[in-house]
Amino acid sequence: MKSLLKATVAAAAFLAAGTAANAADVKACFVYVGPVGDFGWTYQHDQGRLAVVEHFGDKVETAFLESVAEGPDAERAIERFAREGCDIIFTTSFGYMNPTIKVAKKFPDVKFEHATGYKTADNVATYNSKFHQGRYIIGQVAAKQSKSGVAGYIASFPIPEVIAGINAFMLGAQSVNPDFQLKVVWVNTWFDPGKEADAAKALIDQGADIITQHTDSTAPLQVAQERGVHGFGQASDMVAFAPDAQYTAIIDDWAPYYIHRVQDVLDGTWESHSSWEGLAEKHVVMAPYTNLPADVVEMAKATEAKIVGGWEPFTGPITKQDGTVAAEDGVRLDDGAILGMNWYVKGVDDQLPQ
Amino acid sequence: MRIELVKRKEHSELMSLMSPLIAVGLTALSAAIIFAISGVNPALGLYKFFIEPLTEQWSLEATIEKATPLILIGCGLAVCYLSNNWNIGAEGQFVVGAMFGSILPVMFPSFENSLTLPLMLISGVIGGALWAMIPALLKTRFNTNEILTSLMLVYVAGLLLDYLVRGPWRDPDGFNFPESRIFSDAATLPDVFGGMMSLATPITIIIALVLALVLAKTIKGFEIRVMGESPRAGSFAGFSAKRLTIFSFALAGGLAGLAGTMVVSGSLNQLLPSISPGYGFTAIIVAFLGRLNPIGIIIAGFVLALSYIGGEGVQSGLGVSNKIASVIQGLLLFYVLACDTLILYRIRMVSRRAANPAGEVSHV
């Protein structure tokens with residue numbers, strides 16, 4: 001017992017020395033909703049963190065907490081970082097919105113960055129990417145490649161970002177095949193490989209020969225690989241997990257944004273804003289096209305170039321599921337309509353959970 | 001060679017007191033080895049995990065705040081388990097209690113006065129108790145297995161909450177995101193001390209102390225213990241097993257519901273699709289770690305909460321995986337159970353030749 005006590009005291013001394021010797025100018029901290037090994041959403045955020053480490057070297061120190069549940073634990077995790085001397089804290093899941101705002105009020109000198117939310121403050125910025133641009137492209141690829149004309153979509157939560165993804169996928173598919181069908185399964189989780197795999201199997205059994213997902217694990221794609229159908233990687237390039245099944249992947253590349261914002265803190269020029277960029281700014285990147293014939297790759301690349309050139313997938317004519325017109329021919333939906341989307345486009349074989 | 005567990009005739013009083021300490025010691029030792037293997041200075045790891053959370057006011061408060069719902073739910077569950085009612089569904093009772101407690105701030109947000117909070121807390125108790133009545137009545141009426149029914153209702157409760165926050169209770173200003181409106185100040189449980197803890201903690205401690213008194217000193221406490229240990233003897237004394245089932249489920253459900261309302265009102269300030277990181281299930285562990293005694297549960301709740309806060313500390317400070325924190329928590333439970341087992345049983349090595357002629361048939 002005595003030696004344990006001694007060790008503890010020694011550790012405390014070591015710790016004190018450690019903090020004193022810490023020469024980093026900025027400490028950037030990250031709160032993750034999943035494990036860094038999910039090879040999806042959280043993995044990509046951690047890749048962004050590692051890019052910050054690489055870019056700034058000793059000037060910046062980083063820390064992260066993984067698998068922080070949305071709910072009571074989130075506020076404590078964020079507050080811990082604020083108290084441990086983090087200068088900028090990235091909270092990387094929608095459910096961290098109100099805890100972020102709450103802690104930010106208590107620590108006005110700390111900068112906060114909340115991913116995918118809509119509440120900002122003087123020291124809280126938000127950032128998100130136009131993932132739906134990638135969805136439009138994979139919708140086109142799906143419609144080109146599908147033999148049954150049916151795709152399965154594994155969806156997480158019916159929040160606007162996910163619904164916009166489904167709609168963009170469907171609009172892309174319809175631009176190739178107006179009769180294309182889309183079946184949706186809601187799994188009510190961001191990360192649950194078992195559930196995601198079950199949903200993929202159910203969708204394949206219902207005739208889908210293309211699987212796509214708005215959840216974070218590689219499981220749906222692995223099921224596609226096993227069952228001989230095809231799919232797309234989500235958030236990260238998942239080709240290693242499904243070398244024969246993946247056509248491409250919508251990659252979230254947070255590195256440029258994280259480096260940019262940490263630089264702002266270093267320079268003292270950080271200001272609150274709402275960032276929402278896409279393919280053009282390389283915040284969304286398409287993985288190399290694989291297992292596809294040349295003409296489909298060409299079509300996908302042409303669409304990619306069109307979007308980079310400023311075209312928006314949510315450009316009319318767009319008809320809602322109930323038959324009303326969402327956008328007239330040539331009219332582009334405004335950002336607010338996309339960020340608050342709560343309706344399906346015509347042709348989606350599902351009722352939105354209300 | 002075979003290893004057998006043989007029941008001890010007498011239990012060492014000293015060892016009963018020592019066993020939790022031995023368990024903590026063994027956990028610390030194993031944790032040190034794990035830290036060393038993962039390339040972290042073991043002393044520093046142990047310090048961050050077990051000591052550092054106690055050295056600062058905010059982390060101490062965060063620990064107590066995390067322990068609060070575990071203690072409150074655990075106390076109610078202890079009464080169930082003492083009386084042989086296996087309520088596994090506190091998680092659901094927690095959620096339904098939180099929903100009932102939120103009726104006022106969500107549906108009548110303009111009702112803001114000094115009655116708001118007390119009414120919310122009472123609704124929370126009622127909601128949790130009502131939800132617990134379902135398995136209780138199914139048990140007393142139809143003799144169904146309450147372990148199954150109470151557990152299944154956890155998922156029903158979760159889906160109900162999910163429906164409410166996505167549907168009728170969705171925040172009108174929330175861009176369709178699944179969350180209720182934010183509670184007004186009148187519906188928010190006030191903070192105490194440094195702001196990490198809400199009034200929930202003093203309320204919980206008072207309830208635990210009252211319950212400890214009731215269990216130790218009153219006829220009701222005697223009834224609960226007798227019916228748990230020997231229902232037949234209890235029925236001769238005029239105690240009704242059915243009435244006690246209803247009572248213990250109502251109490252456990254009510255306290256879980258109160259905990260749910262206090263978490264929602266004190267720290268979340270709104271309803272979300274998921275409001276509990278498994279409090280209702282973790283509280284089962286807390287109840288047993290605390291030996292089904294409210295005072296023990298207060299200590300057990302604190303130790304378990306410490307392992308969460310310490311786990312976060314080693315993650316953020318030393319960059320180790322959160323899985324290591326989970327492993328250390330698991331080891332703690334393992335050692336506590338192992339030490340308890342060795343108090344009740346002793347290990348006997350039996351060679352096959354010796355065992356057979358004696359004709360023992362303990363092939364378990």
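Coordinate-derived values only; no laboratory data. In this text the structure is predicted, and so the values were computed from the model without any measurement. A quick note on method: Cβ atoms are made from the backbone with ideal geometry, for glycine too, and the neighbour counts reach across all protein chains shown.
How many Cβ atoms of partner chains, on average, are near each residue of B:266-279 if near means within 10 Å of its Cβ?
Numbers: counts 1, 8, 7, 4, 1, 0, 6, 5, 6, 3, 3, 7, 1, 2.
Other-chain Cβ atoms within 10 Å of each residue's Cβ, averaged: 4.
Would you kindly derive the ³J(HN,Hα) couplings of the range A:35-50 from the backbone phi angles with the Karplus curve 6.51 cos²θ - 1.76 cosθ + 1.60 (θ = phi - 60°), listing them in order in whole Hz, with x for Gly and Pro?
My calculation for the range A:35-50 gives x, 5, x, 7, 6, x, 4, 5, 3, 5, 5, 5, 4, x, 4, 5 Hz in order.
Pull up the cross-link candidates among the lysines for A:Lys106, meaning alpha carbon to alpha carbon under 22 Å and not fewer than 8 places away within one chain.
Within the straight-line limit of under 22 Å, A:Lys106 reaches these lysines: A:Lys27, A:Lys119, B:Lys66.
A 26 angstrom limit on the alpha carbon distance is what I want to check against. Which of A:Lys183/A:Lys306; A:Lys147/A:Lys301; A:Lys102/A:Lys195; A:Lys195/A:Lys282 exceed it?
Details: A:Lys183/A:Lys306 28 Å; A:Lys147/A:Lys301 22 Å; A:Lys102/A:Lys195 33 Å; A:Lys195/A:Lys282 31 Å.
In this structure, A:Lys183/A:Lys306; A:Lys102/A:Lys195; A:Lys195/A:Lys282 lie more than 26 Å apart at Cα.
Can you return the aspartates and glutamates within cross-link range of A:Lys201? Criterion is Cα-Cα under 16 Å, with same-chain partners fewer than 8 residues away left out.
A:Asp192, A:Asp209, A:Glu226
Any idea what the relative contact order of chain B is, in percent, if you count C-alpha pairs under 8 Å spaced at least 6 apart? Kindly include the intermediate steps, with their values, before the conclusion.
On the way: 600 pairs, mean separation 125.3, N = 364.
Computed value for chain B: 34 percent relative contact order.
Using modelled amide H (1.01 Å from N, peptide plane; none on Pro or chain starts), what sits under 5 Å from the amide H of A:Ile89, excluding residues fewer than 5 places away?
When sequence neighbours closer than 5 places are left aside, the close amide H contacts are A:Cys29, A:Lys111, A:Phe112, A:Glu113.
Positive end of the dipole of the protein assembly as shown, charges at C-beta (+1 Lys, Arg; -1 Asp, Glu), about the Cα centre: which of B:Trp131, B:Leu148, B:Met262 has its Cα farthest in that direction?
Going by the Cα projections, it comes out as B:Leu148.
Which of the peptides B:236-244, B:143-151, A:87-95, B:129-137 is most tightly packed, and how do the rest follow, going by the mean number of other Cβ atoms within 10 Å of each residue?
A:87-95, B:129-137, B:143-151, B:236-244
Say each of A:Ala280 and B:Ile295 gets a label point 7 Å from the Cα, pointing the same way as Cα to Cβ; how far apart are those two points in nm?
Going from the A:Ala280 label point to the B:Ile295 one covers 7.0 nm.
When Rg is the radius of gyration of the Cα atoms in the protein assembly as shown and Rh is its Kirkwood radius, what does Rg/Rh come to? Spell out each step's value before the answer.
Values: Rg = 28.1 Å, Rh = 28.0 Å.
With Rg and the Kirkwood Rh in hand, the quotient comes to 1.01.
Students often check this: by mean Cβ neighbours within 10 Å, which of B:120-127, A:140-147 ranks highest, and how do the rest follow?
On the way: B:120-127: 23.2, A:140-147: 21.2.
With the highest mean Cβ count within 10 Å placed first, the list reads B:120-127, A:140-147.
Mind checking A:178-190 for the average number of partner chain beta-carbons within 10 Å of each residue's beta-carbon?
Numbers: counts 0, 0, 0, 0, 0, 0, 0, 0, 0, 0, 7, 1, 0.
For this peptide, the per-residue mean of nearby foreign Cβ atoms is 1.
Can you find, among B:Ser198, B:Ser276, B:Thr245, the residue farthest towards the positive end of the dipole of the range B:65-293? Put +1 on the C-beta of Lys and Arg, -1 on that of Asp and Glu.
Of the candidates, B:Thr245 comes out farthest on the positive side.
Near B:Lys139, which lysines are there with a Cα under 20 Å away, not counting those fewer than 8 places off in the same chain?
B:Lys242
Mind checking the dipole of the range B:65-293: about its Cα centre, +1 per Lys or Arg Cβ, -1 per Asp or Glu Cβ, Debye to the nearest 20? Show your work: numbers first, answer last.
Numbers: 13 positive and 12 negative charges, 196 e Å.
Value, rounded to 20: 940 debye.
Send over the per residue convex hull volume for the range B:129-245, Cα only, as a whole number of Å³. Don't skip to the answer; put the middle values down first.
On the way: hull volume 19.6 nm³, N = 117.
Convex hull volume per residue, Cα atoms: 167 Å³.
Hey, any idea what Rg/Rh is for chain A, computing Rh the Kirkwood way over Cα pairs? Working shown, then result.
Values: Rg = 21.8 Å, Rh = 21.4 Å.
Across chain A, the Cα-based Rg/Rh ratio is 1.02.
Using alpha carbons only, how many degrees (0 to 90, rounded to 10) separate the axis of helix B:116-142 from the longest principal axis of chain B?
Around 50 degrees separate the two axes.
Summarise the partner chain shielding of B:312-320 as one whole number: the mean count of Cβ atoms from other chains within 10 Å of each residue's Cβ. Working shown, then result.
Details: counts 7, 3, 0, 8, 11, 6, 1, 3, 0.
Mean number of neighbouring Cβ atoms from other chains: 4.
Take chain B, compute every pairwise Cα distance, and split them into 10 Å bins from 0; I just need the percent in each bin.
5, 21, 28, 25, 14, 5, 1, 0, 0
By average Cβ neighbour count within 10 Å, what is the ranking of A:173-184, A:124-135 from highest down?
Working: A:173-184: 18.3, A:124-135: 24.3.
The packing order, highest mean first, is A:124-135, A:173-184.
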